[in-house]
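Chemist: The structure that follows is given in the form of structure tokens.
Readers should treat all values here as calculations from the given coordinates under stated rules, not as data from a laboratory. Here the structure is a predicted model, which is why all the values come from computation and not from measurement. Heads up, the Cβs are rebuilt from the backbone with ideal geometry, glycines too, and the neighbour counts pull from every protein chain shown.
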Amino acid sequence: MSEPRPAVDASAPIGVFDSGVGGLTVLKALQARMPAERFVYLGDTARLPYGTKSARTVQRYAVQAAGQLVTRGVKALVVACNTASAVALVALREAYQPLPVFGVVDPGAAAAGRVSRSGRIGVLATESTVRGGAYQHAILNLRRNARVFARACPMLVTLAEDGWIDGDVPERIVSSYLGAFLHGGESIDTLLLGCTHFPILRDVLARVAGAGVTLVDSAETTAQHVATAIERTAGAALEPHAARLLLATDDRHRFARVGRYFLGEALAAEDIELIDL
């Protein structure tokens, strides 16, 4: 276990990490919510996906990735990865206390439970997240009478990474995934986007789901939660800095090509620092 680290000043950056580029949706939301803050983002692209690994391996990878950010003097850690949020938060908090560590699962679950009128909540996520039950457990812990229906949507990840976010094909695939949620016995009124890839498909998801279903974006809810907590713990930046550093563990060119869809802006491979963990 690492030694406790001294508190850092409010002008220090916020560290964000994911197994790949999907967490850039969280970074985008954080930047929008906290425009004065500096950020360091690490995509562990050499070892993705985390979802196929054992919990012990994910914990080890997460502690290593976070360690790289801690060496860069971050004042807080945001785990922009559903798998790591589900299985590694305790290990990260123990390893890097008293540094604040935030995940994406609890803020999304809390928001879904709060806005649902009927308590019938659909969760779209990856296979590993659905199988592990992280969102189901988190929602039921907060709203015990809720009915939670989770569905793995691997093709949505592929659509997102290919930038295929609108048109007939995405709409048909989304319609297939949402069918039971909307037209079967589940009849949800709230849809939680439980994967960092899915916010860039928000328009087609909202169109297929219809006006009667409220969409909850785990990236947005995480950004709201972190912004509030930072003011209480690490301290918000006193002067505007608005700087960003992007790190990757493999293939800067693919990171830049795919990452632009998630961050919503052009990225250049030469602006991404390649590191080894």
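Chemist: Determine ³J(HN,Hα), in whole Hz, for all residues of the range 217-226 in sequence, where each value follows from phi through the Karplus function 6.51 cos²θ - 1.76 cosθ + 1.60 and θ = phi - 60°; x replaces Gly and Pro.
Modeler: In residue order, the calculated couplings are 9, 5, 5, 5, 5, 5, 4, 4, 5, 5 Hz.
Chemist: Let me ask something else about it. How big is the equivalent ellipsoid of the range 187-277 along its three axes, where each semi-axis is √(5λ) from the Cα gyration tensor, reported in whole Å from largest to smallest?
Modeler: 29, 22, 11
Chemist: How long, wide and thick is the range 105-219, going by the Cα atoms along their three principal axes, in whole angstroms, largest first?
Modeler: 38, 25, 20
Chemist: Further, regarding this structure: How large are Rg and Dmax for the range 1-134 when calculated on the C-alpha trace, in angstrom?
Modeler: 15.0, 46
Chemist: Using alpha carbons only, how many degrees (0 to 90, rounded to 10) separate the axis of helix 24-33 from the longest principal axis of the chain?
Modeler: That helix lies at roughly 80 degrees to the long axis.
Chemist: Then there's this: In Å³ and rounded to a whole number, note down the convex hull volume per residue for the Cα atoms of the range 24-67.
Modeler: So the per-residue Cα hull volume is 84 Å³.
Chemist: When every alpha-carbon pair in the chain is counted, what percent end up more than 25 Å apart?
Modeler: The share of Cα pairs beyond 25 Å in the chain comes to 43 percent.
Chemist: Sticking with the crude label model, points 7 Å out along Cα→Cβ, report the distance from R257 to L142 in nm, one decimal please.
Modeler: Placing both labels 7 Å along Cα→Cβ, they lie 3.8 nm apart.
Chemist: So, in nm, how far is label R202 from label A266 when the simple model puts each one 7 Å beyond its Cα toward the Cβ?
Modeler: With each label placed 7 Å out from Cα toward Cβ, I get 2.4 nm.
Chemist: Can you run phi through the Karplus equation (6.51, -1.76, 1.60; θ = phi - 60°) for the range 116-122 and list ³J(HN,Hα) in whole Hz, with x for Gly and Pro?
Modeler: 5, 7, 9, x, 9, 10, x
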